[in-house]
Every structure is written in structure tokens, then in C-alpha cells.
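Participant: To start, I am sharing the structure in question, which I have written as C-alpha cells.
The values are calculated or read from the model by the stated rules, or taken from the named source; none is laboratory data. No experiment lies behind these values; they were computed from the predicted model shown. Quick reminder, even Gly has a Cβ in these numbers, built from the backbone with ideal geometry, and neighbours come from all protein chains shown. For the accessible areas, the whole protein counts, side chains as well, though only heavy atoms, and no ligand, DNA or RNA atoms are used. Shrake-Rupley method; radii C 1.70, N 1.55, O 1.52, S 1.80 Å.
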Amino acid sequence: MPQDTGADRPEGATTPSLAEDRPLHRAGSDLAAFLLRRLLSAVIRQGTLQVLLPQGNRMEAGSGDPPIRVRILHPATVWRILRNPDLALGEAYMDGTLVVENAGIYDLIALAMQNIGLGDGAGLMKVQAALLYLTRRLAQNNPLRKSRRNVAHHYDLSHRL
């Protein structure tokens, strides 16, 4: 397995610790790998995407040559991608926990755009959007007391506002 030299990583990004010896973490990583495999096989229909996981697992989705190969360097990144792929892919690339190995980031984006709306992936994206919509009210909960603290913190204004 090739060593990560950091050459593909954006400037200032650091390599996270990849230690994962405890069984609980391994079980969580296995579940994340299973879910990611299901997601990718449902979404990637045109072109090929190879994903190398932190544990050394390799998965491939789609068909065609040549594949675009990405390496995920940290187990938490897999979970972030599963929860919100629209946001997490870009963040992971920027923080260096996702490295595009044999192509450029634009090639990865082109592959994703090529597959939007094809196959079962559209259904999965609808489910994800519905879950985000349902949980948004909890995430954006802003009662009066919290709102006052936010105003004071951000604007340094009196409580009269």
C-alpha cells in the first residue's frame, strides 16, 4: 500500500492518526464501509470510482475505464460522507482526509455530476434531503434566551434588541 506523502493534499492540511485497534471502532468502521459500499453502488452508474478506506479495504462502484481512485485517510471521514456527502466530500478534500490519487478533484466532481439523478441514487438523495429537513428544526432551535445570548455575543448589543 503506498504511503501518503501529503503531495496531493491542500496546503496546511495534516495527516490524521489512523490508529484503530479497538474492536468497537473496528465494528463501527465495518458498518461504515458496508453503508458506503451500498451508497456508492446505488449512485455510481456511469464511470468507475475506487475507494480505499483507512482499514485497507478497497471498494469499486460503476463500470468503465479508467477508474478514479480516492483514498479516505480517517475513519470519521467515512461517517461524515455518509451523513452529508454534499458538504463532507469538499471538506474532507480540503482538510486532507480524502485524497484523489490518480486524477484531479475536477475529475471526481465530473464523475459525481455525471451520475446525479441516475439509478437508485436519486432515491437515496431524496431520503437524505428528507432527513436533513426533519432534523433542521432541532439543529436550528433558537429559543428567546439562546437568541439573546447569540445577539450579545455576535453584535455586542444590549438586551433591548
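Participant: Heavy atoms only, probe 1.4 angstrom, no DNA, RNA or ligands counted: give me TYR106, TYR155 ranked by accessible area, highest first.
Facilitator: Details: TYR106 180, TYR155 150 Å².
Ranked list, largest accessible area first: TYR106, TYR155.
Participant: A further question follows. Pop a pseudo-label 7 angstrom from the Cα along the beta-carbon direction at both ASN150 and ARG37 and give the gap in nm to one decimal.
Facilitator: 4.2
Participant: Please work out how much accessible surface SER41 shows to a 1.4 Å probe, ignoring ligands, DNA and RNA, in Å² rounded to 10.
Facilitator: Only protein atoms counted, so the area is about 60 Å².
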